[in-house]
Amino acid sequence: IADDPVVVLWKWDQDTIKEKTVIPIKLPTNKYKFLNISFSVFKNDSFNIISDQFILSYTIQGRMLSNTGIYQNQSGSILSHCWFYDGHFCITTETNIIILDSTFKPYQIIPTYDEINKTYITCVLPSYEAERFIAVGNCRRFEIYERKKSEYYERVLSKTFEDKNDREKSDKDKSFDFHSL
């Protein structure tokens, strides 16, 4: 068995495999930590292969694959990805939320690294309302982005949640009586 990545297309007839096609995938580099696959939420013949360094976009045409785009990330490792309901594809890195259009060109780059608190966004989830998405990050960071009158997303809510256990521990530390020693 080769270590080179492949895509396997299966053709099913009820619960029986009728056909199997193995297609090798050429990657832009062999230096990646992981490979994921994500199928389009809009078209069942489109998918992306995502690593921590790049994204490859494909469409399935019969028993062949057609590469429809490539994006090589220049701003840190790709942490997560999702499809937006307007057809855009979104990734997060340690410094940015990057929204790509259907041709894999950056549509919008939203800086998210907070230098003071050392926090960043680790995951983005689209809302069913196409004009909004939710972003979460390390240190209990939570944000909501929305398109209002602009064609670009703007942050409308940013919150860092406090852990109840941390607060209780802090309250106990404050109430400790040094005079009882």
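The values are calculated or read from the model by the stated rules, or taken from the named source; none is laboratory data. Fair warning: this is a prediction, and the values are worked out from it, not measured in the lab. Quick reminder, even Gly has a Cβ in these numbers, built from the backbone with ideal geometry, and neighbours come from all protein chains shown. Heads up: the accessible areas ignore ligands, DNA and RNA and are worked out on the full protein's heavy atoms, side chains in. Shrake-Rupley method; radii C 1.70, N 1.55, O 1.52, S 1.80 Å.
Of all the numbered requirements in (1) open to solvent by 20 Å² or more (accessible area, probe 1.4 Å); (2) not in a strand (DSSP E or B), residue 70 misses one, and that requirement is (2).
Against the test of being under 23 Å from residue 121 (Cα atoms) and more than 14 Å from the chain's Cα centre (by Cα), the options 71, 32 yield a single qualifying residue, 32.
Against the condition part of a strand (DSSP E or B), surrounded by fewer than 16 Cβ atoms within 10 Å (Cβ to Cβ) and under 14 Å from the mean Cα position of the chain (by Cα), how does residue 91 come out, does it pass? Judged against the criteria, residue 91 is not a match. One residue is enough: does the range 69-79 have a residue meeting the conditions closer than 25 Å to residue 156 by Cα and modelled with pLDDT of 90 or more? Taking every residue of the range 69-79 in turn, at least one turns out to be closer than 25 Å to residue 156 by Cα and modelled with pLDDT of 90 or more. In the set 104, 47, 133, only one residue is part of a loop (DSSP other than H, G, I, E, B) and either at pLDDT 90 or above or closer than 25 Å to residue 9 by Cα (or both); that residue is 104. For first residues located in the range 138-160 and closer than 15 Å to residue 92 by Cβ, partners that are open to solvent by less than 30 Å² (accessible area, probe 1.4 Å) and part of a loop (DSSP other than H, G, I, E, B) and lie 6+ apart or on another chain with Cβ distances below 7 Å form the pairs 145/153. Restricting the range 114-131 to residues that are open to solvent by 80 Å² or more (accessible area, probe 1.4 Å) and either touching a residue at least 24 places away in the same chain (Cβ under 8 Å) or under 29 Å from residue 42 (Cβ atoms) (or both), the residue that is nearest to the chain's Cα centre (by Cα) is 125. Selection of the range 50-67 for residues being in a loop (DSSP other than H, G, I, E, B) and open to solvent by 40 Å² or more (accessible area, probe 1.4 Å) yields 53, 62, 63. What number of residues within the range 5-43 are within 26 Å of residue 100 (Cβ to Cβ) and open to solvent by 90 Å² or more (accessible area, probe 1.4 Å)? Here the count works out to 8.
Residue-level check: of (1) under 28 Å from residue 129 (Cα atoms); (2) assigned to a loop (DSSP other than H, G, I, E, B); (3) more than 13 Å from the chain's Cα centre (by Cα), residue 4 misses just (1).
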